[in-house]
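Remarks on the structure that follows.
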């Protein structure tokens, strides 16, 4: 059976195309069953994220054209319009692809960890829909194990490569006791929301969000067990904050040096970590001249991120070596599965010969024939029946001068010298 990966991603298709072939989570189960009914797949799973849509299939034929047609039909797109954006991987390359995807090597941000959770969700959806067979089941389990190995044995995800994550990473370096610390976030956009999530996941003690619109601040901080304040309340709370991170669209400074200096007196010189993620800047650059303040700008973090990306690229080379080895490991298992049907057929054929010979021997014994003669006849009959096919193959190969086939049969039957075929 052919393994097929068919899909498109952020490298091959613009967002306008990707959104047209995306699968809503509540429709994946029905889509998978329809794919098995009409798309020529024996087993299937669908991975659909903002950056990629991929179908993982087990097929009966070596073409997979029906799957492409099904994808277009399902989304009301012409196949000819879809083809330029699609990639197709089969067997070994299909295995390699899913291992790289789950390990974060094919992501927009190298090494990002969220994709593994999305691959697991795709597996769970297919499992729930009943569209996984033995091969895809084994492939997904192997994929999860390899992705874990990559995370454990390399530093692919150790270095932050987003400004939000980098800011929190620096905060953890400065304050090892983060659960005892308070953070004040100024703004309520996407960047501050990411910072709040990372701080919450790392167990920050208290979280305060200040914003021009109090309702927006409440909505952002509520899932993280923090509280919201208006911008004019910042002076009353600044002294509480060990960590201050700002990212607004304000044209002027949200914090000036005088206000921070006053705050430091209230804090009795306890250090303060300040990050300005805004362009134009939210925090007066003069704050950097104050004692006990560590001020970083978005440019400082970009330098860190570039260094971290280089670290991830080095780790990715290690990850690729792991994947090369694990692809071969899975393909060995897959080839063994392909032999199962042949082994079963061979055993059934041998058992049929055995049953026929035994039945004949029992009839002869029932007729009163000498048991020793019956045993000799049984042994001769079984020997002749079981070596008939390989002997015929040897004669045919010899007659045709097919040395490869001769060697194959000799190796298969462990024939060190000549053969006893007559």
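Points to keep in mind about this one:
- Candidates 102, 44: the one that is touching a strand residue (DSSP E or B) at 6+ places or on another chain (Cβ under 9 Å) and assigned by TED's automatic domain parsing to the domain that holds residue 126 is 44.
- Apart from one condition, residue 195 fits all of (1) more than 23 Å from residue 305 (Cβ to Cβ); (2) modelled with pLDDT under 95; (3) touching a strand residue (DSSP E or B) at 6+ places or on another chain (Cβ under 7 Å); the exception is (1).
- Residue tally, condition surrounded by 17 or more Cβ atoms within 10 Å (Cβ to Cβ) and in contact (Cβ under 8 Å) with a residue 60 or more places away in the chain, over the range 42-56: 8
- Set side by side, the residues 217, 286 differ, and just one is assigned by TED's automatic domain parsing to the domain that holds residue 173, touching a strand residue (DSSP E or B) at 6+ places or on another chain (Cβ under 9 Å) and modelled with pLDDT of 95 or more, which is 217.
- Residue list for the range 109-168, restricted to those being at negative phi, modelled with pLDDT under 90 and within 13 Å of the chain's Cα centre (by Cα): 110, 112, 113, 114
Residue-wise test of (1) under 22 Å from residue 408 (Cα atoms); (2) surrounded by fewer than 11 Cβ atoms within 10 Å (Cβ to Cβ).
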residue	(1), (2)
312	no, no
318	no, no
321	no, no
329	no, no
332	yes, yes
352	no, no
359	no, yes
388	yes, no
392	yes, no
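- Within the range 127-150, being over 17 Å from residue 97 (Cα atoms) and assigned to a helix (DSSP H, G or I) holds for 127, 128, 129, 134.
- Cβ-Cβ under 6 Å pairs, at least 6 apart or on other chains, the range 165-181 side under 14 Å from residue 194 (Cα atoms), far side part of a helix (DSSP H, G or I) and at pLDDT below 90: 166/301; 166/304; 166/305
- Unique residue being under 29 Å from residue 307 (Cβ atoms), surrounded by fewer than 20 Cβ atoms within 10 Å (Cβ to Cβ) and out of contact with any helix residue (DSSP H, G or I) (no Cβ under 6 Å at 6 or more places or on another chain) when the list is 141, 173: 173
- Residue check for residue 208: crowded, with 21+ Cβ neighbours inside 10 Å, touching a residue at least 24 places away in the same chain (Cβ under 8 Å), farther than 27 Å from residue 310 by Cβ and within 32 Å of the chain's Cα centre (by Cα): no
- Tally, over the range 8-56, of residues that are closer than 18 Å to residue 78 by Cα and assigned to a strand (DSSP E or B): 4
- Among the residues of the range 22-33, those that are surrounded by 15 or more Cβ atoms within 10 Å (Cβ to Cβ), modelled with pLDDT of 95 or more and more than 18 Å from residue 134 (Cα to Cα) comprise 28, 29, 31.
- Boolean, residue 156 is touching a helix residue (DSSP H, G or I) at 6+ places or on another chain (Cβ under 7 Å), farther than 30 Å from residue 107 by Cα, buried (at least 18 other Cβ atoms within 10 Å of the Cβ) and in contact (Cβ under 8 Å) with a residue 12 or more places away in the chain: no
- Hey, residue 115 surrounded by 20 or more Cβ atoms within 10 Å (Cβ to Cβ) and under 28 Å from residue 305 (Cβ atoms) or not: yes
- A single entry from 326, 337 fulfils the requirement of being in contact with a helix residue (DSSP H, G or I) (Cβ under 8 Å, 6 or more places away or on another chain), closer than 29 Å to residue 3 by Cα, modelled with pLDDT under 85 and not in a strand (DSSP E or B): 337.
The values are calculated or read from the model by the stated rules, or taken from the named source; none is laboratory data. Computed from a predicted structure; not experimentally measured. Neighbour counts are summed over all protein chains in view; Cβ atoms, including those assigned to glycine, are modelled from backbone coordinates with ideal geometry.
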